1. Using a basic spin-label model with each label point 7 Å from the Cα along Cα→Cβ, how many nm lie between C:T144 and C:T186?
2. Select from the stretch D:51-138 those GluC sites (Glu not before Pro) which occupy a DSSP coil region and have at most 15 other Cβ atoms within 10 Å, ordered by residue number.
3. HN-Hα J couplings of the stretch B:156-161 from phi, Karplus 6.51/-1.76/1.60, θ = phi - 60°, integer Hz, Gly and Pro as x?
4. Based on the alpha-carbon gyration tensor of the stretch D:51-106 and its eigenvalue square roots a ≥ b ≥ c, which shape applies: rounded if a/c is under 1.5, prolate if not and a/b is larger than b/c, or oblate?
5. Would you pull out the residues with amide H under 5 Å of F:A3's amide H, same chain only if 5 or more places away, H placed 1.01 Å from N?
6. Can you give the local net charge around C:L67? Use residues other than it whose beta-carbon is closer than 15 angstrom to its beta-carbon, Lys and Arg +1, Asp and Glu -1.
7. Would you mind classifying the protein assembly as shown by shape? Square roots of the alpha carbon gyration tensor eigenvalues, ordered a ≥ b ≥ c; an a/c under 1.5 is rounded, otherwise it is prolate if a/b is larger than b/c and oblate if not.
8. Counting pairs of alpha carbon atoms under 8 Å apart in space and at least six apart in sequence, what relative contact order in percent does the stretch C:42-153 give?
6 protein chains.
Amino acid sequence: MLAIGAHPDDCELGCYATLAYHKNKGDSVHLLVLSKGEAGGPSDKRITETKEAARVLGADSITVGGLRDRMITHDYQTIELIQAKIEELQPDRIYTHSSHDNHQDHRNTGLATMTFYRHVDDILLYESPSVSHEFTPRIFVNITNFFNVKIEALKLHETQNDKYYVRTEAIAALAQYRAFQAGMLTMHNHSKAEAFDLGKLTI
Amino acid sequence: MLAIGAHPDDCELGCYATLAYHKNKGDSVHLLVLSKGEAGGPSDKRITETKEAARVLGADSITVGGLRDRMITHDYQTIELIQAKIEELQPDRIYTHSSHDNHQDHRNTGLATMTFYRHVDDILLYESPSVSHEFTPRIFVNITNFFNVKIEALKLHETQNDKYYVRTEAIAALAQYRAFQAGMLTMHNHSKAEAFDLGKLTI
Amino acid sequence: MLAIGAHPDDCELGCYATLAYHKNKGDSVHLLVLSKGEAGGPSDKRITETKEAARVLGADSITVGGLRDRMITHDYQTIELIQAKIEELQPDRIYTHSSHDNHQDHRNTGLATMTFYRHVDDILLYESPSVSHEFTPRIFVNITNFFNVKIEALKLHETQNDKYYVRTEAIAALAQYRAFQAGMLTMHNHSKAEAFDLGKLTI
Amino acid sequence: MLAIGAHPDDCELGCYATLAYHKNKGDSVHLLVLSKGEAGGPSDKRITETKEAARVLGADSITVGGLRDRMITHDYQTIELIQAKIEELQPDRIYTHSSHDNHQDHRNTGLATMTFYRHVDDILLYESPSVSHEFTPRIFVNITNFFNVKIEALKLHETQNDKYYVRTEAIAALAQYRAFQAGMLTMHNHSKAEAFDLGKLTI
Amino acid sequence: MLAIGAHPDDCELGCYATLAYHKNKGDSVHLLVLSKGEAGGPSDKRITETKEAARVLGADSITVGGLRDRMITHDYQTIELIQAKIEELQPDRIYTHSSHDNHQDHRNTGLATMTFYRHVDDILLYESPSVSHEFTPRIFVNITNFFNVKIEALKLHETQNDKYYVRTEAIAALAQYRAFQAGMLTMHNHSKAEAFDLGKLTI
Amino acid sequence: MLAIGAHPDDCELGCYATLAYHKNKGDSVHLLVLSKGEAGGPSDKRITETKEAARVLGADSITVGGLRDRMITHDYQTIELIQAKIEELQPDRIYTHSSHDNHQDHRNTGLATMTFYRHVDDILLYESPSVSHEFTPRIFVNITNFFNVKIEALKLHETQNDKYYVRTEAIAALAQYRAFQAGMLTMHNHSKAEAFDLGKLTI
């Protein structure tokens, strides 16, 4: 598994509980963060935060690239960074941003990853707080047992703790809604889910 | 305002808090329920439940039609029922099902209402628990102060109280998620929203 | 696994090699054919053909319903037939027609199956010769080793052997193209694939 | 050429100037009207009107079917009527309703025609006053020299002359807008166009 | 209200009559033009023209930014310019380009504005002569009484008066067509409308 | 006719048999290649290869531009290159990349060409091995008699002969599948087709 995020905290928000599910199953999980997130706080601090989060997850590796925050494009510079990691790891599955996202860095990260459509078996597209109305997920992961990993990881991002979208209440509402949408929520449980749009899947 | 639902409880689930907002503003609110919902409980009981809910809302009128539950089509029989009500009330705005819904009665109710596209200023499309991934709402109403009306109205539907989707927790998660999506949820509030897809709007 | 087709030969054309892959893995595979296909040949003969094909596949069961060929609708009659089978088998995954299909029976079969969105983990949508341009598959199954089962099953449909779309050359071209699209075709293999659009998937 | 309309006046509104262009080039033009339009006036009168319009156009034939106005479905009854005409005429090109239309008869006429996707070289989809926002035409015909045929043909529909959409001003505005959209309108001409969505085209 | 255009004359073409309607209602209206339009004429002259147009409208302010004409991107440089204005004015509603536009400056202006989806109540997307077929407006404003403001403002753009799309006839045809589409045009009026696609709306 | 490709070999893969059909009919055919393809081999060699391919086709001219391979954007630099050629040749029809393509150079070539929507009668969008699932062609050209020109032209690209997508088997599978989709493949022929999405068409 390889999870790609534009900034420190993107994978945490989009797919960290699913990654925890993979670790629990015994899959290896690698993280690639394209920028240091310097527009949202001191880059040193942000790198530390995301690395601590990766430790909570038990990630097998984490790489932080040097693309400029808010200036990530979908051209060769971005593609090259992703390509190097794909060639190194040969992942079966990539989790990445959906290109249906109003944030230009997220959109371009999604577009750049899709360049590898034919070279990777599975590409699943996660949501961020800025996904557009065109993000229409139909793949669901039951994360009830892994939700706490996501919350714990996000709390480590102290530079972001004034953002409404890292508030536990907001994250829980989203996760409950996705479980509701998936039909996982019954009368007697408290299911939570992460949801993904489909890039490509190989069965 | 005219709100149209395929069954007793559809308007309650989709737009009742928004209708309460309209009543609070002084708008008149009329309800049209196309079927007696006989597939989900005794029709007499269901009619009573939805009429009690309408009383809680303070609706100006409620009409229950006689289309067959689970057999609502988008042909002339349905259109005629809606047309009669439009001609009687001359509503500026209609709230109705989105046609992006996996339930055939909901889908066909939405399609039948869209027939009146040119004759009504505004058509807003609400969600149900069975909306498909193509329901992508971009119109939001802050219902924080009217959420309790929705919950109270739904509790009156005793025949439906074993359905997971009338569970307060599920409804609250959806309303919080919609507020989150709209940017209404900040660090320090508990905003809730109902969300609508656009049929047509006249400014 | 449950595979649903509108007529005898629809599952064969859309997903038979994938079903053979499932059988090979040890999964159980059940078939539901909604009509006897009487518009395309004598219904007795067509039922016999599809049952013989099911035997070649090694299907665990096959049920042929009595909906009228060319008159399948997406209302309750069709839904009820599918619902009975879902309640009996409790399948984790359903393979069914995409609703993006120019044949009304196929489209309505797809729509009717989607009614069960919340009650089934996975719904994968297969293609037929009449899918519309909106069928845009992104799920691929490598069927190189199971392609012969598909061909053998189709040859048993003697009543259909004047249809160009059961010609081996046409079926092979489609399967090679899907493998090409999936990136499975390399310089040195002869990969074939079946392709599916996404209804819903649970990981 | 075969042009198909749900009611008398549909071909006139959607593609009559284009048909006049075809006649002018020497192509043969046949018309198939699926219903007698009895919901919009006495059926005898309406049949006479559309036949007179066909005479103005110089159509090679016109057939009026007996489907029930407002009750046209996309199932076999409609398909059979279209199929008989296709088998009789073997047309290279069909002009028909877009299925992106809020009027159920139009939508179903469009869906029923698309069933013949593989059997006809070209299927072009015309607009009606009730097309939905999903009708997004990209095929344009310069009808500047044939616009008067359209107007003359529409004026013959006396039973419809209280409909705002047969008003010459409305029809001219649409035709000018389509020319504008196509880039046909320059600083110094008065171009008009009819516009079509693409079903299928063979070059 | 804040209206954003890529070049001098974009707001005029897309939403000036609607802005006049807002001024008439007593709303304040501010304009942000991202570039000086130097590719279409001397920048000094073009700035003067758009400022005179703003005076005709009675705009409360107009700001002309320094992005390079034909080189407007959807990255941080553009976003920053918009963000400064949003922070200064705190507008409830923004009128901006649709991103479904074949002109790269328009498309990128639309994309850049959508970055503020969660921070602004309403984002309405106007059309330009280069919108693509994916621009499918469903929001309509009756501008019959304000159409002359639009025409007067456009006439002030003397550097553009050889463009076919500022021709009064073309603009009137579009406005009549939009009124027709909205159902505003009856047998006895001369209604005109401006039309918008939906970014986001808060009721 | 003008055919535009991002790299040497793109027109060959996407529309060379259709161009051969045009040459056979007596149309003139011009080629514009935006980059030298230096990322896929020595640029001198690649230019020679595509020029030899053009000679096989009998193209009336071929121009190779100097945009940087893998860095083609949809801004003014690209647009200018295309604009110069359009002004020189005044083509009735352009064949170009679809923007629904996962390769950034292809996507941006498509976007840049669409800028000329109003100035060219026809814009047809061809496929490449990297088109995304949103490429949904509905225009078909029967290339059975011209397929050998395509194969011969591709074989001249010796620098690319290790790419799986220039393998004759892959190209033939695609061409047969497109013929199948178009309804050109019958029981008794070996039809092949190239397929295009619609930019714009003028009849």
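1. So the two model labels end up 0.8 nm from each other.
2. Within the stretch D:51-138, the qualifying GluC sites (Glu not before Pro) (loop, at most 15 other Cβ atoms within 10 Å) are D:E134.
3. These are the phi-based 3J(HN,Hα) values: 5, 7, 5, 5, 9, 6 Hz.
4. prolate
5. Counting only residues 5 or more places away or on other chains, the set is F:H30, F:L31, F:L32, F:Y95.
6. Around C:L67, the surrounding residues sum to -1.
7. Rounded, because the longest to shortest axis ratio a/c is under 1.5.
8. Working: 111 pairs, mean separation 31.0, N = 112.
The value is 28 percent.
The values are calculated or read from the model by the stated rules, or taken from the named source; none is laboratory data. Keep in mind that this is a model prediction, so the values were computed, not measured. A quick note on method: Cβ atoms are made from the backbone with ideal geometry, for glycine too, and the neighbour counts reach across all protein chains shown. These area figures cover heavy atoms from the full protein model, side chains too; ligands, DNA and RNA do not enter into them. Shrake-Rupley method; radii C 1.70, N 1.55, O 1.52, S 1.80 Å.
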